[in-house]
Structure formats: C-alpha cells, structure tokens
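These notes are about the structure you will find just below.
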Amino acid sequence: MGILRPTRNLEYSLIEYFTTEVNAAWSDVTVGYAFPEDSATALTRPKAIICIRVSDTNYLEVEIGSQLRYREPLIIIDIFASGDTQRKDLKDFITSKLTSITYYEYIVTNGAITSKIAAGKITIKPSDIKDVLINLNVDKNSLSTQDKNRHRVTTKMKLNKVE
C-alpha cells in the first residue's frame, strides 16, 4: 500500500473533479489524462474529449530561508470538440469551473487505486486562466472532427499543501 506522488495526485484530483462536473451538465463527453487507448475509434465518434495534464511546476518558498515549499503547477486542458459551438460552450464551461478544487491523495494497493483522502485545496486566480483556439494551419477539411475543433485552456494553480 502506498500513496501516489503529488503530480499524479493532482492530475487524478482534477480529472475526477472535471468528470463529475462535466457528467452533471453534458452527455457524451469524455474526461481523462489523454486520448483513450482506442484513439482511432474515438476519432470516428461524435464525442468530445477533454484531456487534463500537469505541465511545468514552480516551487514557492513558504518563508525566506525555509526548505518547505508550495507547488504552483501549470495545468493544461485540451478540448477536442465535435463542433465549433460545442468547443466554445465547453471552453466557457471549463473556465467557469476553475475555482477552488479539493486535492486528494490516492492510496494504491497492488497497483490499483483503492481509496483517497482529502489533503488540501487547489486554488486558482482568475487572472491566471488563459484559453486559446488551436489552429493547426492546415486545410480544415483534411483534419478529423476533433482536430478541427480544438481549444486549450491553461492556468497556474497553487496547491496549498506544504512539502
């Protein structure tokens, strides 16, 4: 039995939060770390996919001279929508849900997550949220539906757990 490391705990906490929020408001939208294993099949369905991952992380000192620190990770949320209207709606929905989010530590037994413990809060300043339409600079007719309707939301977050 063990606890996942902070980056994986953060990703799982965000994926779980957004899965709950999206499922309450949308149907036929998948939330995860990356494209599903059967990505070729996923691209043929009229389904939106939201991928969430932790990118670069800054570490902030708790106080001058201290070895204790807070994490401030960059979160990247990629939206692969089934249409332009859905892309815009999902982008607005996701940015509206970037508030204070519970951070969990996940307990792993024999390679599987067996439980979780609330271990802090993830805080987001609205001024740190950015979103951008992804333009691949190719003929849109040559792209899959999801690549035609891509959007990226990024934000810095502060994990209020001292390490």
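We did not get these values from a lab; they are worked out from the coordinates using the rules stated. The shown structure was predicted, so the numbers you read here are calculated from the model rather than taken from an experiment. Using ideal geometry, Cβ is built from the backbone for each residue, glycine included, and neighbour counts are taken over all protein chains shown.
Would you calculate, for the chain, the mean residue ellipticity at 222 nm contributed by helices, counting each DSSP H stretch of 4 or more residues as -39,500 (n - 2.57) and dividing by all residues, to the nearest 500?
Values: 4 runs with 44 residues, N = 163.
Taken over the chain, the calculation gives -8000 deg cm²/dmol.
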How much net charge surrounds residue 161 when only other residues with a Cβ under 13 Å from its Cβ are counted (Lys, Arg +1; Asp, Glu -1)? +2
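For the stretch 2-159, what's the relative contact order in percent, using C-alpha pairs closer than 8 Å and at least 6 residues apart? Write down the numbers at each step before the final one.
On the way: 283 pairs, mean separation 39.4, N = 158.
With pairs under 8 Å counted, the relative contact order is 25 percent.
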Round to the nearest 10 and give me the degree value, 0 to 90, for the angle of helix 6-25's Cα axis relative to the longest principal axis of the chain. 50
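Please state the relative contact order of the stretch 69-120 as a whole percent: Cα pairs under 8 Å, 6+ residues apart? List each step's numbers first, then the result.
Details: 33 pairs, mean separation 11.2, N = 52.
Here the relative contact order equals 22 percent.
Order of 157, 1 from fewest to most other C-beta atoms within 10 Å? Can you show the working numbers first?
Values: 157 25, 1 8.
Listed from fewest to most nearby Cβ atoms, that is 1, 157.
Working from the pairwise distances between different alpha carbons, so that the mean of 1/r is found and then inverted, what is the stretch 90-129's Kirkwood radius in Å? Walk me through the numbers on the way to the answer.
Numbers: mean 1/r = 0.0825 Å⁻¹.
Over the stretch 90-129, the inverse of the mean reciprocal pair distance is 12.1 Å.
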Out of 82, 27, 100, any idea which swings most in a Gaussian network model of the chain, alpha carbons joined below 10 Å? 27
Taking only Cα atoms and a 10 Å spring cutoff, compute GNM fluctuations for the chain and point out the largest among 143, 90, 14. 143
What is the Cα coordinate range of the stretch 44-114 on the first, second and third principal axes, sorted by size from largest, in whole angstrom? 52, 36, 20
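Within a 10 angstrom radius of the beta carbon, how do 124, 94, 113 rank from fewest other beta carbons to most?
113, 124, 94
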What number, in nm² with one decimal, is the all-direction average of the projected area of the convex hull of the alpha-carbon atoms of the stretch 111-163? 7.3
Gaussian network model of the chain, Cα springs within a sub-10 Å range: biggest mean-square fluctuation belongs to which of 58, 141, 149? 141
Order of 78, 131 under a 10 Å beta carbon neighbour criterion, fewest first: 131, 78
